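J.: The structure follows.
The values are calculated or read from the model by the stated rules, or taken from the named source; none is laboratory data. Quick caveat, the model's predicted, so the values are computed rather than measured. Every residue, glycine as well, gets a Cβ built from its backbone with ideal geometry; the counts of neighbours run over all protein chains shown.
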Amino acid sequence: MSSQAVFGKTQSDSNGSHLEGMKLFAGSAHVELGQRVASALGIELGRMMNSQFADGEIRIMVEESARGNDIFILQPTCAPTNDNCMELFIMLDAFRRASARNITVVMPYYGYARQDKKVKPREPITARLVADIIEMCGATRVVAIDLHAEQIQGFFTIPVDHLYGFPILGQYFVDRGYREMDDVVVVSPDVAGVGRASSLAKMIGAGLVVINKRRPRPNVTEVVEIVGEFEGKRCIMIDDMIDTGGSIINGANALIDRGASEVRVCCSHPVFSKDATHRLQASCISEIVTLDTIPISPEMLVPKLTVLPSAPLLADAIRRIHCNESVSELFGDYK
């Protein structure tokens with residue numbers, strides 16, 4: 001099975017009658033992903049006009065009826081984060097006032113998720129703030145892939161379907177024979193990511209290594225110690241997101257300096273701030289594998305980068321939600 005076929009009823013599998021009363025709309029954050037999800041569902045993307053007033057205010061106009069329908073809005077709140085968040089809030093208000101029956105926010109990437117708790121006095125918890133606004137604007141359900149912190153689900157009083165990207169990433173490595181290799185280990189770049197790394201390790205039959213690091217300030221990390229056997233082994237480091245790349249590169253350097261034979265990294269969310277992909281390309285990392293939850297500009301497509309599709313996973317989750325089927329069963333084979 002290829003990594004692209006892990007999830008999803010294909011277009012030929014979907015009976016159009018099962019999707020009656022459902023409409024999918026995409027904000028401007030990732031229209032291409034919205035189109036791919038619609039194609040996987042075998043439907044047309046909903047018509048919506050998105051423009052700006054002269055002063056930069058966002059103007060949304062839904063160009064077809066939403067009354068009594070199950071509405072799905074696909075909008076990752078990636079950079080420009082504030083604009084994409086505000087656009088999402090306005091879209092929610094538009095569909096609520098258009099008398100939609102249900103409004104599900106499909107957020108492949110949840111912006112502001114890294115501020116999920118107070119670490120120092122007088123800090124905000126913006127992950128909770130965003131959740132509150134989404135609910136206040138009229139959302140009845142949220143779908144997200146690999147939240148930065150699982151407790152964000154508890155910030156909502158509405159249902160949250162938390163999807164996982166590791167089966168797609170894992171299948172990519174399985175297809176390339178890593179399950180048959182006896183010198184592979186999966187590395188968590190920090191203690192918080194052990195659960196994610198452990199799931200991938202079980203999927204490909206590999207050992208588990210954990211990097212203990214400290215973060216003196218945002219986007220700056222220092223490796224304290226590495227727990228586990230990795231000398232002479234092929235390392236696959238998995239994280240939920242790669243932002244500037246500094247943490248991943250530091251971890252890879254520490255692994256290579258201490259005897260690892262190679263390091264490949266994978267993530268669900270290619271945030272890739274500034275010149276992250278070019279720094280990753282110039283590093284000791286052999287390959288960077290990511291999902292397409294966030295749009296990647298052409299100048300970021302470096303030779304070491306491999307991008308895998310998330311549309312089959314999102315389409316299957318949307319179909320299951322609309323048809324009142326279990327979403328958790330998507331991951332039954334990987335628990």
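J.: Pick from segment 114-143 the residues that are outside any helix (DSSP H, G or I), more than 24 Å from Pro312 (Cα to Cα) and among the aliphatic types (A, V, I, L, M): which of them is farthest from the chain's Cα centre (by Cα)?
T.: That would be Val119.
J.: Moving to a separate point now. Just one of Glu325, Glu329 is surrounded by fewer than 19 Cβ atoms within 10 Å (Cβ to Cβ), closer than 25 Å to Gly205 by Cα and not assigned by TED's automatic domain parsing to the domain that holds Ala197; which is it?
T.: Step by step, each of Glu325, Glu329 is checked, and only Glu329 is surrounded by fewer than 19 Cβ atoms within 10 Å (Cβ to Cβ), closer than 25 Å to Gly205 by Cα and not assigned by TED's automatic domain parsing to the domain that holds Ala197.
J.: Residue under question is Ala40, and the condition is that it be loosely packed, with under 11 Cβ neighbours inside 10 Å, among the aliphatic types (A, V, I, L, M) and at pLDDT 95 or above; does it hold?
T.: Criteria not met by Ala40.
J.: Would you please name the residue that is modelled with the lowest pLDDT, looking only at residues in segment 1-27 that are small (Gly, Ala, Ser) and within 17 Å of the chain's Cα centre (by Cα)?
T.: Here the residue is Ser3.
J.: Oh, and also: Restricting the search to segment 18-42, which residues are under 21 Å from Val142 (Cβ atoms), not polar (S, T, N, Q) and not in a helix (DSSP H, G or I)?
T.: Listed by number, the residues that qualify are Gly21, Met22, Lys23, Leu24, Phe25, Ala26, Gly27, Ala29, His30.
Conditions (1) buried (at least 19 other Cβ atoms within 10 Å of the Cβ); (2) free of Cβ contacts under 8 Å to residues at least 12 places away in the same chain; (3) in contact with a Lys or Arg (Cβ under 6 Å, 6 or more places away or on another chain), marked per residue:
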| residue | (1), (2), (3) |
| --- | --- |
| Glu225 | no, no, no |
| Asp243 | yes, no, no |
| Ala276 | yes, no, no |
| Ala282 | no, yes, no |
| Ala311 | yes, no, yes |
| Ala315 | yes, no, no |
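J.: Name the residue, out of Ala260, Ala252, that is in a loop (DSSP other than H, G, I, E, B) and either touching a strand residue (DSSP E or B) at 6+ places or on another chain (Cβ under 9 Å) or small (Gly, Ala, Ser) (or both).
T.: Ala260
J.: Oh, and also: I need every pair where a residue in segment 20-40 that is under 10 Å from Leu74 (Cα atoms) has its Cβ under 7 Å from the Cβ of a residue that is surrounded by fewer than 24 Cβ atoms within 10 Å (Cβ to Cβ) and among the acidic types (Asp, Glu), sequence separation at least 6 or different chains.
T.: From residues that are under 10 Å from Leu74 (Cα atoms), the pairs are Gly27/Glu87; Ser28/Glu87; Leu33/Asp292.
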